[in-house]
Every structure is written in C-alpha cells, then in structure tokens.
Ligand SMILES: Nc1ncnc2c1ncn2[C@@H]1O[C@H](COP(=O)(O)OP(=O)(O)OP(=O)(O)O)[C@@H](O)[C@H]1O
Ligand SMILES: [Mg+2]
C-alpha cells in the first residue's frame, strides 16, 4: 500500500503483543512496522477486528511504551529476498544480513510462510544419503528429501553428530550441487560458532547460509527464523535445483517461544502449557521438506531438539515424532558409557528407509540385516534387565552369548570416530560380524541365502 | 433437494467484522442457515457457517485466509457444504473439501494456492451409460436406473436419489453421457424430477438406508493377527491407537491394499504429505490378486495433510464417509481408513477454542464424544434403499499424546468401536510388526463371524482360542521370568514359553515389505496355526513325559518353522501340511527313541 497510515492509538502492550486501536482495513497476517524514535521493529497481525489489531512484535516489546510508538501496516505478509548469492553469508533471525555486508540485490522475494505442497505434486523420496555413520546408514537410513530429527538431551553430542553428517553427506559432485542451511534458534553463540567452524573446515561454508537468532535475541524472533531459512531452501532447491540440507536447532526453544506467545494471548493451553495448535504449527515447518515432481532439487531437514529431562513423551519430541519421518534418538546410558555417537538402538527409526535401500540402492540384504540387528538388540535389552535381577552367572548360555553380542554391537558397530566415514559396505560387513556372534538359528529375520553368503561361522568369526 | 443442477437461491451478501485465525465473524447475512457455505473475501475463500449469534454469523474458513480484512465481503447462496457424488470419484485424490488435487496442480503448480475453484468431477468426461429401467416404470428412491463402467473394477450403479418417487417418464438410450446431461425424468407428486449422473449431498448428513443389520462376514485383511485373533466384520468399526512410529499408517496401508472390500476410501487427515504420495505412487502399480487390476481402480483418496488448512481437516472425514455411503448405496462393501482421527479431534479443539467454548477434558470441547459417536455410527451393514446389502467398515487411527491411551480421544473412541488394535511401543522398538498387542487388543466380532470360518474348518474358533491361550499363559509367565529367569521355571512352562515365542515369530510377526508375507490367505493362516498347535500338543506330551526343551528344539525341522510364512506362497499351502507331517514324524521318532515307546 502506498500511503501508509501511522497509528499512535496503542491500546496496550502485553508480552510480545501490541494492541492497536482504531485501525481500518488491516488484514490477517499482515506485516507491521513499529517505530519508536529511531528504532524500527517488525511485527505481524495475529487477529483483526473492525477497529482493533493484535500485533506480535518479533523483536519483542521491551523498551516500548504506549505513548510515542508509531505503527504502520504494510499490507502484505513477511517476505525476504532470496538468491543464491546468499550462500556464504550470515543473517539474523529475520533474514537480515548480520555479517556486515549489504543486503543481497535481487528481484526475487518470497513470502516466508510458504504455501502447502500439493500431495499430488510430491515425488516420493528414495535416494539414499551415505552419512558414513553406521547407526544411521545401517539401521536408520537417511533419504534425500527426508525430515529426520535428532532427539537429544542436554550435554549430549547432537551438534557434533549433526556436523559430522553435514560434513560427510555433502560430498561435492560434478553434476549435483549441495548446500547446507543452518538456522539457530535460541542457542548460545558457541554452538553457532562450532557449526560455522565445522562447515568452514570441511570447505562447505561458502555453500552454506547461516541464520542466527541466538539466545540473547528476543524470543519471539525465533518463530520466524525456521520459516526464513526454509524459504531460502525452497528457492535453492526448486528454483536452482540444489540438494539442500537444513539443520534447525533447537526446536525446543522454538516451541517455548510459541508457548510464550500463546500464553500472552490468553489461549487455553493443551499439554504442559503448549498451545493446542503446536502440532499444526510444527507441521507447517517440517512439511517443508521433500522433493517435487519435475524438479531436481530436494530439501532434507534435520531438526535438533533437546528433550526436557530426557523425556521422549514431552510434547515437543512427541509432536515432532508424529510429523517427521522417523527420529534419531540419543541415549544417556550409551553416552555415559563413552560411546560416540550415542544413538539409541531401539527408539531410533527412519520411515523412508524401506524404499531407499536394498538391491540397486544399497545392498540386497540391508533391510533384513537391519531388522535382525534391531530384534537381537531388543533381546539384549531384555536379558540385561533380567541379569540385573538374577545376576549374570544365572543366565543361560544363549543369554550370555546375547550379552556378548550386545556389547560388541555397542562398542564396534554403534561406536565410531568423529571423523570416521564408513561406506555402506563397511557398515553391513560390521553388521554381519556382530550377527555372527549369535548362533545361526537365532537369525530368523535374515534370509537363508544371505546367511550362507555373509555369516561368519564361529571358528573364524567372533573375535 | 439433491441434484447436480442446484436450485441456486439469490445470494445474500454480508461483511467481515473480525478475523481470528480461520474463524471469521460476519454481519449482514440475513437468512443464512447453519452449515451453509459462504464465500469470503475477494478471493471467494470457501467457508461454512458454524454458528449464528443474533445478527452475526461465525464462519469457519477452509482455506488460508491471511490478508483477509474487516470490511471484506461475504456471500452465501444458502446451500449447505456438500460433496458432489457421481462417476469419476474413483482413483481421484481430493482435499478435505473435495477439490481435486490433480486439477489444482494443473492450475497452480506444486503448491496449493488459495481461492482455487474447481469441480470435483470432470463435467466433460463421457461415460457410457446403460439404462436398466424403461419409461413407464414406477420407480422409488434408491432404485437402480442404469449402469456405467467407472473403472474396470467398479460398475457404477446410477440410483434414483433419496426422496424421489414416481413414474419414470423418460430415460436416455445407452450411450455416452456427461454428468451435466439429464438422463431420466420422473413424474413425482410435486413435479417433474430431472435426474443426472451426479448430485450433491450435504457432508454432515448421513445418507438414508432402510435398516441396519448385524455384520456377519469378516473383512479379510491378509494380516494374521487381525484376521485370526482380532477380526473386524464387514460393516464394523475398529480403532488403531498407538504412539508415533508404532505402525498405524502401515497397518492402514496394508488394509487398504489387501482387504477384500470393493471400494477403499483412504483419508489422510492431518498427516504427512509423503504418505499420500506413497499411496499415489504405489496403488497404480499394485495388483489386486482377485482380478489382476491395479488397486487404484477401487480407491478414492482424501488428503488434507498436516500443513493444509486445519478447518478442512475437520470436514475431511465427513467428505470421505459421505463418498463411502454413496458407494454403499450401490450395494458395495466399502472400507474407510481415517488416519488420523486424533488430528480431526485436534482440529475440533482448535476451532472450538477460537470460538471461546468452555473446554472439557484436555481442552477438547464437551461435544467431542458425540461427534466421534456420530462418525462411527455411519459404519454398518445395511439394507440399502434398493433392498440390497451394502456395508461400510471404518478403521480409524488414533494418535495419543505421549502414547498414553488414557487421553480423551482414545478413551472415547474405544467406547464407540468394537475392535481395538492397540499398538505396543516395545514391540515396535524390537521391530516386531505389526506391533498390535495380543494382550491389550480386543474384538467384539468373533462370534458374529465365526460362521464364515467354520466353512473352512469346523474347529476354527477352538484352534484360535487354544493358540490365544498359549499367548496369554506366556504373558503371565513372563512376569515370573522377569524375576527369576526362564531356566528356573518347570520344564513344561519353559516349553510353553518357547511355543509362544514361535507363535510370535512364525505367526504374529508379519512383514509388509516381504513379497510373500505381506498378504496371508485365510487357508494359510489356519494351516500355520495348526503347525504350531501340533508342536504344542505333541511336544507337550513328550515334555510332560520327561523330555527337555532342548530335545525338542534340536529337532531338525524346528528352525524352519519361522520361515514358512515368508517361503511358502498362498497358493502352495499344501507345503505347510507336508512340513507339519515331517514335524510330527520327527516328534514321533523322538518319542520312540527317548521314551522307548
Ligand atoms: N507391518 C509392518 N511391516 C514392516 N514394517 C513396518 C510395519 N509396520 C510399521 N513398520 C515400520 O514402522 C515405521 C512406522 O510405521 P508407521 O508410519 O505406520 O507409524 P505410525 O504409527 O503411523 O506413526 P505416526 O503416528 O507418526 O504417523 C514404518 O516406516 C516401517 O518402517
Ligand atoms: Mg502414521
């Protein structure tokens, strides 16, 4: 709109919300500019009445007063410029450059809210990404275009794992372009620094875009950061044909900001004070991953979230798990044993694995090996809890063999170096070495012909 | 009342006075009725009147309404939110308010833009109509007037709509017709009724039937734990509750693929986009074994995924079930999969909270239970208006927060369904799929459908119950095992544990991705059960007579038992009998050797 009216009729301020009275013709979701002296803040309308608008201020309301504030409505939703020249740059949580260089010059602007993808237009993701990490490649395979979060707990090495994946999965090739988009919400500067350094070391920083809404930024800003990052990702993937890996950390902070906003609006909370629409809100972020028919690029999402008190049933991991295509769960017990990466054997899951592995993709026995490892490790867990009660000596011989399998599985299969990059062949070989500790009859999830081919009889196996 | 050419009332125009998310308040819509459609704003966004407060109408908008302003116009033509029913529904994919997603993608590319207006059915398409009634016949509602081959799998029966009775004045000859053509006329008491191939029906209103009947035929799904242990009848209701990743969607997909209904309505309600894409890419390739045709030719899909507007999620299940009723009325057996009813309930919660309703449990509105009951009530085996049998089975996934079944949606659902397939996280973690718990699940159809199984084997129920009892005994013993270990139990109990383990691995566990195991015929299910029982009964005698568990597990053929399900196809089940003979022979030999009998 050309002639912007400036309103000074502020009815009140509450949390991140400003109530503007006497407004006319303001739309839902419209961008709002709030001027206070020289400073400019950006907001968005959440609710509009005949003469009142409720505005959410991304930079927060601290320092604002009812008097002296000037509010104007821009007449459209939040847009950001998008261009491949944004690679190699650092931005704030609202997508404005924060590395001292000027805004990228481009005509292309996109609405950060995106639009829902038509399910008919999606291409089902099937391409295997080798991360070089056995626990992922072997048992929870990552697929190009998947949304696969890391569920972690405080102090656990989720950042290290995400960085290792970014490094090892982004192998540059002639025909295809890869890029990493990193969005930080409410994390400390050292976390951001760690990622930037890690991307730099592996030489992919110039192919990456970084969006930072750090712990000291206003909490409401975080609600926009993932949307801004994904908007650029959509441009790069579907206009430029790139394969984009988007790392979002920490989604728990994002959800807390949403809770804060909801409570200042006086909404009826659902579980643990989070709003009832948390599921739909998260879905509007996570569903912006995938592939589209007729386009080369892809968006793979790896959101990271910390589970409060390591509780996987907390609303944030719970609702995330209901939307994403699996989850990589980090386990405190493995972490305490000194195992890196401490990827939990049982609760981790990749739902897109089924169609992305097997003959012609990874190897014909892959699915069966994975299923057998899961089943056998589940048995180890049962035997361990029994051993804790009756004592290890009281276990049957077979149970003892299972314990041996369990330990080797954790120490040799799961465990690997921070820079160790295993091929899928190596991972599956290792898997069979572990399974060969068990008697053949126990391996009912693998095919007989695979046993004949890969099983190492006890004389030369099991060392 | 029901016709493709609707009687359009003069449009009423009003104005938006406030916008709160998808809920819009409008003034000036005098004469508008509850559940009427309203077109909101300059884009003409589709909405539905859900509450009338004096001069103010509350409208729930089914599309993204960012940018909508107070003062924008609202128009209503005074007709209720409806689905268009006619040939061309099959193999189609719609959003929650029945807009065709293929058409939307042709019009606006990969993303769904707002304000798209497209008819649910192709008005140009020519269908070959063959009449089966002639002028002069007395006709009544529900009567078949002719046929169309909708897909090679579905003969579409054209019915006289509910409420229409009289003398058939005219009916067109066999030949190509579109849904716009008048194909017959009926002289009714109130005037001449012009019949077409398609007509509207209000989504929130169940279509009438003559009577409801007691279901008695099982809906065969090819999934062993369901068909054998917790069967659902055609016309029945089932819920699949389970935490994330426990296998609700996979179970729904398996049923949509292999169950023996004539028509499948698959509703993706607030779930993932890729899961619909999975159905869309797989179903055209998968072939129905009974007739060699692709499964897509009997499937209608409704996709209102989690990132699509929330209010349309609320309607999507009604859109789906109304289409199901349309095919039921033609005398078909229809299975409706709704994944997930929890997302529907959450949409209800979100909307009701924006309306300022007083919440009941966990923020859900007090009418949650009533709405759930009404939905499941639309299932059933019925005598249709034409006197034929038709049925709708409804299978709803439930996604309880934190996997905790004590929450309101799971609790209320369990009151209205008669089959409860509880998914177990521990089983899913161990990759024991389907992770349906044999301890927490139940069915109330066992006695109703027993007669069908008897045709196959008089003893079916006895065999089924005997195997179930081994599993329950195992469940009881496991409590002890946790404390003392299996080795401390008496030999016969150890043997029972072993047989139970065999039931779990050789029977209950079923891999949806295995080319043979994905579908298991009733005959094969029964034969596998008999193999297990043979081991339990004959082996049990030997153990009681002093043999050890190891004597039994050392039998050469025993390790093969877990592979029968995936190595023997449905059409070679005599090989299971051969195996059973071999096993019995080995047991007999053991008896002679060790006991010297
Ligand atoms: N019958 C089965 N055979 C083989 N694998 C299965 C089976 N059932 C489930 N799985 C595995 O479990 C994964 C999760 O299943 P599914 O997507 O059905 O879970 P869900 O209960 O629908 O979860 P959500 O609530 O998050 O949608 C699948 O991707 C698949 O790997
Ligand atoms: Mg699901």
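Before we move on, is residue B:366 away from ligand 2 (no atom under 16 Å from the Cβ), at pLDDT below 95 and in contact with a helix residue (DSSP H, G or I) (Cβ under 7 Å, 6 or more places away or on another chain)? Break it down stepwise before answering.
Values: away from ligand 2 (no atom under 16 Å from the Cβ): yes; at pLDDT below 95: yes; in contact with a helix residue (DSSP H, G or I) (Cβ under 7 Å, 6 or more places away or on another chain): no.
For residue B:366, the condition - away from ligand 2 (no atom under 16 Å from the Cβ), at pLDDT below 95 and in contact with a helix residue (DSSP H, G or I) (Cβ under 7 Å, 6 or more places away or on another chain) - is not met.
In the set (1) in contact with a strand residue (DSSP E or B) (Cβ under 6 Å, 6 or more places away or on another chain); (2) within 16 Å of ligand 1 (Cβ to nearest atom); (3) in a loop (DSSP other than H, G, I, E, B), the condition left unmet by residue B:222 is number (1). Scan the range B:2-33 for residues that are buried (at least 18 other Cβ atoms within 10 Å of the Cβ), at pLDDT 90 or above and out of contact with any helix residue (DSSP H, G or I) (no Cβ under 9 Å at 6 or more places or on another chain) and the total you get is 11.
I'm trying to understand the selection: among the residues of the range B:281-301, which are outside any loop (DSSP other than H, G, I, E, B) and within 16 Å of ligand 1 (Cβ to nearest atom)?
B:281, B:282
The single condition from (1) within 14 Å of chain B (Cβ to nearest Cβ); (2) more than 16 Å from ligand 2 (Cβ to nearest atom); (3) modelled with pLDDT of 95 or more that residue A:415 fails is (1). In the range B:435-552, counting only helices (runs of 4 or more DSSP H) that sit wholly within it, the ones holding 2 or more residues that are touching a strand residue (DSSP E or B) at 6+ places or on another chain (Cβ under 8 Å) span B:446-454.
Results for (1) in contact with a strand residue (DSSP E or B) (Cβ under 7 Å, 6 or more places away or on another chain); (2) part of a loop (DSSP other than H, G, I, E, B), shown as yes or no for each residue.
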position: A:154; (1), (2): yes, yes
position: A:161; (1), (2): yes, no
position: A:167; (1), (2): no, no
position: A:195; (1), (2): yes, no
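For the range A:351-373, filtering for residues that are buried (at least 22 other Cβ atoms within 10 Å of the Cβ) and closer than 20 Å to residue B:243 by Cβ leaves 3. What number of residues within the range B:408-432 are within 14 Å of chain A (Cβ to nearest Cβ), closer than 19 Å to residue B:337 by Cα and either in a loop (DSSP other than H, G, I, E, B) or within 10 Å of ligand 1 (Cβ to nearest atom) (or both)? Residues flagged as within 14 Å of chain A (Cβ to nearest Cβ), closer than 19 Å to residue B:337 by Cα and either in a loop (DSSP other than H, G, I, E, B) or within 10 Å of ligand 1 (Cβ to nearest atom) (or both) within the range B:408-432 amount to 1.
Looking across the range A:418-443 at every residue that is touching a residue at least 60 places away in the same chain (Cβ under 8 Å) and part of a loop (DSSP other than H, G, I, E, B), the one that is farthest from the other protein chains (Cβ to nearest Cβ) is identified as A:419.
Applying the selection to the range B:248-265, what residues are in a helix (DSSP H, G or I) and away from ligand 2 (no atom under 16 Å from the Cβ)? If the condition is that a residue be in a helix (DSSP H, G or I) and away from ligand 2 (no atom under 16 Å from the Cβ), then B:258 is the only one that fits. For the range A:326-347, a residue qualifies if it is surrounded by 22 or more Cβ atoms within 10 Å (Cβ to Cβ) and either away from ligand 1 (no atom under 16 Å from the Cβ) or over 21 Å from residue A:372 (Cα atoms) (or both), and the qualifying residues are A:330, A:331, A:341, A:342, A:343. A single member of A:204, A:180, A:187, A:244 is at pLDDT 95 or above and either touching a helix residue (DSSP H, G or I) at 6+ places or on another chain (Cβ under 6 Å) or under 21 Å from residue A:148 (Cβ atoms) (or both), and it is A:244.
Yes/no per residue for (1) within 14 Å of another protein chain (Cβ to nearest Cβ); (2) in contact with a helix residue (DSSP H, G or I) (Cβ under 9 Å, 6 or more places away or on another chain); (3) more than 15 Å from ligand 1 (Cβ to nearest atom):
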position	(1), (2), (3)
B:178	no, no, yes
B:182	no, no, yes
B:189	no, no, yes
B:193	no, no, yes
B:201	no, yes, yes
B:204	no, yes, yes
B:231	no, yes, yes
B:242	yes, yes, no
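The residue that is nearest to the other protein chains (Cβ to nearest Cβ), counting only those in the range A:91-114 that are outside any loop (DSSP other than H, G, I, E, B) and either at pLDDT below 90 or out of contact with any helix residue (DSSP H, G or I) (no Cβ under 6 Å at 6 or more places or on another chain) (or both), is A:111.
Got a number for residues in the range B:352-363 being within 10 Å of another protein chain (Cβ to nearest Cβ) and touching a helix residue (DSSP H, G or I) at 6+ places or on another chain (Cβ under 6 Å)? It would help to see each step written out before you state the result.
Taking the range B:352-363 first, the residues within 10 Å of another protein chain (Cβ to nearest Cβ) are B:352-354, B:356-359, B:362-363.
Of the ones still in play, those that are also touching a helix residue (DSSP H, G or I) at 6+ places or on another chain (Cβ under 6 Å) are B:362-363.
Result for the range B:352-363: 2.
Given the criteria assigned to a strand (DSSP E or B) and either in contact (Cβ under 8 Å) with a residue 40 or more places away in the chain or in contact with a helix residue (DSSP H, G or I) (Cβ under 9 Å, 6 or more places away or on another chain) (or both), does residue B:60 qualify? Against the criterion (assigned to a strand (DSSP E or B) and either in contact (Cβ under 8 Å) with a residue 40 or more places away in the chain or in contact with a helix residue (DSSP H, G or I) (Cβ under 9 Å, 6 or more places away or on another chain) (or both)), residue B:60 qualifies.
The sole residue among B:95, B:36 that is within 26 Å of the chain's Cα centre (by Cα), buried (at least 20 other Cβ atoms within 10 Å of the Cβ) and either outside the structural domain of residue B:266 (by TED's automatic domain parsing) or within 29 Å of residue B:305 (Cβ to Cβ) (or both) is B:95.
Among residues of the range A:21-46 being more than 13 Å from every other protein chain (Cβ to nearest Cβ) and either buried (at least 20 other Cβ atoms within 10 Å of the Cβ) or touching a helix residue (DSSP H, G or I) at 6+ places or on another chain (Cβ under 6 Å) (or both), the one that is farthest from residue A:74 (Cα to Cα) is A:41. Inspection of the range B:390-407 identifies at least one residue that is within 16 Å of ligand 2 (Cβ to nearest atom) and either outside the structural domain of residue B:221 (by TED's automatic domain parsing) or assigned to a loop (DSSP other than H, G, I, E, B) (or both).
Taking the conditions exactly as written (within 25 Å of residue B:113 (Cβ to Cβ) and crowded, with 24+ Cβ neighbours inside 10 Å), does residue B:337 satisfy them or not?
Numbers: within 25 Å of residue B:113 (Cβ to Cβ): no; crowded, with 24+ Cβ neighbours inside 10 Å: yes.
No, not satisfied.
Name the residue, out of B:268, B:243, that is in a loop (DSSP other than H, G, I, E, B), within 28 Å of residue A:325 (Cβ to Cβ) and within 16 Å of ligand 2 (Cβ to nearest atom). Exactly one of B:268, B:243 is in a loop (DSSP other than H, G, I, E, B), within 28 Å of residue A:325 (Cβ to Cβ) and within 16 Å of ligand 2 (Cβ to nearest atom), namely B:243.
Scanning the range A:364-402 for residues that are touching a helix residue (DSSP H, G or I) at 6+ places or on another chain (Cβ under 6 Å) and either within 16 Å of ligand 2 (Cβ to nearest atom) or more than 10 Å from chain B (Cβ to nearest Cβ) (or both) turns up A:365, A:369, A:380, A:402. Among the residues of this structure, residue B:307 does not count as one that is assigned by TED's automatic domain parsing to the domain that holds residue B:433, away from ligand 2 (no atom under 16 Å from the Cβ) and part of a loop (DSSP other than H, G, I, E, B).
Residues that are crowded, with 16+ Cβ neighbours inside 10 Å and within 20 Å of residue B:204 (Cα to Cα) within the range B:352-363 comprise just one, B:352. Kindly indicate whether any position in the range B:375-387 is outside any loop (DSSP other than H, G, I, E, B), out of contact with any helix residue (DSSP H, G or I) (no Cβ under 7 Å at 6 or more places or on another chain) and within 16 Å of ligand 1 (Cβ to nearest atom). Among the residues of the range B:375-387, not one is outside any loop (DSSP other than H, G, I, E, B), out of contact with any helix residue (DSSP H, G or I) (no Cβ under 7 Å at 6 or more places or on another chain) and within 16 Å of ligand 1 (Cβ to nearest atom), which makes the answer no.
The values are calculated or read from the model by the stated rules, or taken from the named source; none is laboratory data. Bear in mind that the values here come from a model prediction, so they are computed numbers and not experimental data. Glycine also receives a Cβ, built like all others from the backbone with ideal geometry; neighbour counts cover every protein chain displayed.
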